[in-house]
Amino acid sequence: MKKKICLLPGDGIGPEIIAEAVRVLETVGQKFGHEFLFTEALIGGIAIDIKGTPLPQETIDDCKAADAVFLGAVGGPKWDHLDNASRPEKGLLGIRKALGLFANLRPATLFPELAGACLLRPDIAARGLDLIVIRELTGDVYFGEPRGIETQDGKRIGFNNMIYHEDEIRRIARIAFETARKRRRKVCSVEKSNVLDVSRLWKDIVIEEHAAYRDDIELSHMYVDNAAMQLVRDPSQFDVILTGNIFGDILSDEASVITGSLGMLPSASLGASAPGLFEPIHGSAPDIAGQGKANPLATILSAAMMLRLAFDMTKEADLIENAVRKTLQEGYRTGDIMEPGMMLAGTQKMTDRVIKHLD
Ligand code: IPM
Ligand code: MG
């Protein structure tokens, strides 16, 4: 198969980890007779530096012309002084909107090899942690209008608008139910309907959409504050967490960090049609950029997710995931997941081991 992949390395450790994941993809391509054609485009801080905007039009065009988009990370202290409308993050929000990527899939799993790094009490971790946050990605307070900072009677007020149209809720709910069908068949819809009108609508629409899935999918509802607590108290109760953009932003960070392996977790952002966007959950880690220390595994696992979800290459994705497991079983660790008795490896060495295990 021939597939066009648009690389958006971005800032900080982004370029290093994307380069390593590309080595893995090339090896897999050779092995299975696929041709991956890579193009590269600018996003985030680097795009601000070179083009004066975090999301140049050429980047949008290149992404639209590809079969999938593969992103590193954006942002860093260098651009922290900029106002919200021109920050690197605006590039990421813009590409999500431009490609219509309304569904963000963020799995949080505990790798048995890394159980020691889990932040939870051992008896809680022992019950298991294997969930996926399905976060709506192009609506909510992130994009709602009106927004801004204005002066009224000599005092400034800041405001954003938490808004959802029922069709936006319907389509993300269906993604959650479909995802649950391939997992343990449980969806927990998270909102704040005891306070927010928009959440009241969210809950009603999710219940309506559930009608078509009633026979095999169990639906429950939880307020977001309780969900934040339950994630720490007993994450094993969750299979699919369905939620809006801002709650999903917060809960997906929480869900991933409690595994102790933030540097291990991939994500996918999907729209109604190709191309989807695949990226590690972690950020640009400017403090270790350029030092060859970054953990490439989340990006390599994001490449596997791309093969599985965008190209239907199940065997290829399985092979990469197994190679990552074998690398951990061998005892190699980057600094972020290092434990006594293990072997410290840098970005390249870690990838070399993964590539070795593709054989
Ligand atoms: C994420 C990030 C982004 C978000 C930022 C960088 C704009 O936190 O992907 O979760 O808030 O969506
Ligand atoms: Mg976030």
Exercise. For the chain, max minus min Cα coordinate along each principal axis, in Å, sorted largest first?
Worked result: 60, 49, 41
Problem set entry | Potential extension, residue 147-residue 65 segment - 0.36 nm per residue separation minus Cα distance | 26.3 nm
Exercise. Magnitude of the Cβ-charge dipole of the chain, K/R +1 and D/E -1, about the Cα centre, nearest 20 debye?
Worked result: 540 debye
For this session: Give the relative contact order (percent, whole number) for segment 115-202; include only Cα pairs under 8 Å separated by 6+ residues.
Result: 20 percent
Seminar exercise, completed: Percent relative contact order for segment 103-263, counting Cα pairs under 8 Å at least six residues apart, stands at 35 percent
Exercise. Among 91, 294, 112, whose Cα sits farthest toward the positive end of the charge dipole of the chain (+1 at Cβ of Lys/Arg, -1 at Cβ of Asp/Glu, about the Cα centre)?
Worked result: 112
Seminar exercise, completed: Along segment 27-40, Karplus-curve 3J(HN,Hα) (6.51, -1.76, 1.60; θ = phi - 60°) to the nearest Hz, with x for Gly and Pro, reads 5, 5, x, 4, 4, 9, x, 9, 10, 9, 9, 9, 10, 10
Seminar exercise, completed: Once both label points are put 7 Å beyond Cα along the C-beta direction, the residue 161-residue 51 separation in nm becomes 2.8 nm
Problem set entry | Most fluctuating residue given options 278, 32, 247, as computed from a GNM of the chain linking Cα atoms under 10 Å | 32
For this session: Using a cut-off of 10 Å between beta-carbons, work out the net charge of the residues near residue 353 (Lys and Arg +1, Asp and Glu -1, residue 353 not included).
Result: +1
Problem set entry | For segment 103-263, share of DSSP beta bridges that run antiparallel, in % to the nearest 5 | 45 percent
For this session: Express the relative contact order of the chain as a whole percentage, based on alpha carbon pairs under 8 Å and six or more residues apart in sequence.
Result: 21 percent
For this session: Please work out whether segment 103-263 counts as rounded, prolate or oblate from its C-alpha gyration tensor, where a ≥ b ≥ c are the square roots of the eigenvalues and a/c under 1.5 means rounded, while otherwise a/b larger than b/c means prolate and anything else oblate?
Result: oblate
Problem set entry | Gaussian network model of the chain, springs between alpha carbon atoms under 10 Å - residue of 280, 54, 146 with greatest fluctuation | 146
Exercise. Just how much of residue 236 is accessible, in Å², when a 1.4 Å probe is used and the result is rounded to the nearest 10?
Worked result: 40 Å²
Exercise. Considering the dipole of the chain built from charges on the beta carbon (Lys and Arg +1, Asp and Glu -1) around the Cα centre, which of 59, 44, 358 is farthest to its positive end?
Worked result: 358
Exercise. Which net charge results when you count Lys and Arg as +1 and Asp and Glu as -1 among the other residues whose beta-carbon is under 11 Å from that of residue 74?
Worked result: -1
For this session: Would you kindly find the accessible area of residue 206, with a 1.4 Å probe and non-protein molecules such as ligands, DNA and RNA excluded, rounding to the nearest 10 Å²?
Result: 0 Å²
For this session: Heavy atoms only, probe 1.4 Å: what % of the accessible area of the chain goes to carbon and sulfur, would you let me know?
Result: 52 percent
For this session: Find the centroid of the Cα atoms in segment 173-233 and in segment 95-150, then give the distance between the two in whole Å.
Result: 15 Å
Seminar exercise, completed: Ordering 224, 24 by the accessible surface of their heavy atoms, 1.4 Å probe, largest first, yields 224, 24
For this session: Counting only DSSP beta bridges with both residues in the chain, tell me the antiparallel percent, nearest 5.
Result: 40 percent
Exercise. What is the sum of charges around residue 336, taking Lys and Arg as +1, Asp and Glu as -1, for the other residues whose C-beta is under 12 Å from the C-beta of residue 336?
Worked result: 0
Exercise. For residue 123 and residue 40, what does the FRET efficiency come to when R0 = 41 Å and r is the distance between their Cβ atoms, rounded to the nearest 0.05?
Worked result: 0.30
Problem set entry | Of 4/192; 51/155; 97/192; 3/78; 90/182; 51/192, those spanning more than 29 Å from alpha-carbon to alpha-carbon | 4/192; 51/155; 3/78; 90/182; 51/192
Problem set entry | Accessible heavy-atom area order of 199, 273, highest first, probe of 1.4 Å | 273, 199
For this session: Just grab the label-to-label distance for residue 1 and residue 23, each label 7 Å out from Cα along the Cβ direction, in nm (one decimal).
Result: 2.5 nm
Exercise. Going from most exposed to least, what order do 277, 110, 262 have by accessible area with a 1.4 Å probe?
Worked result: 262, 110, 277
For this session: Would you kindly find the accessible area of residue 150, with a 1.4 Å probe and non-protein molecules such as ligands, DNA and RNA excluded, rounding to the nearest 10 Å²?
Result: 90 Å²
Exercise. Near residue 203, which aspartates and glutamates are there with a Cα under 17 Å away, not counting those fewer than 8 places off in the same chain?
Worked result: 136, 140, 166, 167, 168, 191, 218, 225
Problem set entry | Full-extension gain in nm, residue 212 to residue 254, via 0.36 nm per residue minus C-alpha separation | 12.0 nm
For this session: Give, in nm to one decimal, the length gained when the segment between residue 338 and residue 226 is fully stretched (0.36 nm per residue of separation minus the Cα-Cα distance).
Result: 37.1 nm
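The values are calculated or read from the model by the stated rules, or taken from the named source; none is laboratory data. Since this is a predicted model, take the numbers as computed values, not measurements. Using ideal geometry, Cβ is built from the backbone for each residue, glycine included, and neighbour counts are taken over all protein chains shown. Protein only, heavy atoms only, side chains kept; ligands, DNA and RNA dropped before computing areas. Shrake-Rupley method; radii C 1.70, N 1.55, O 1.52, S 1.80 Å.
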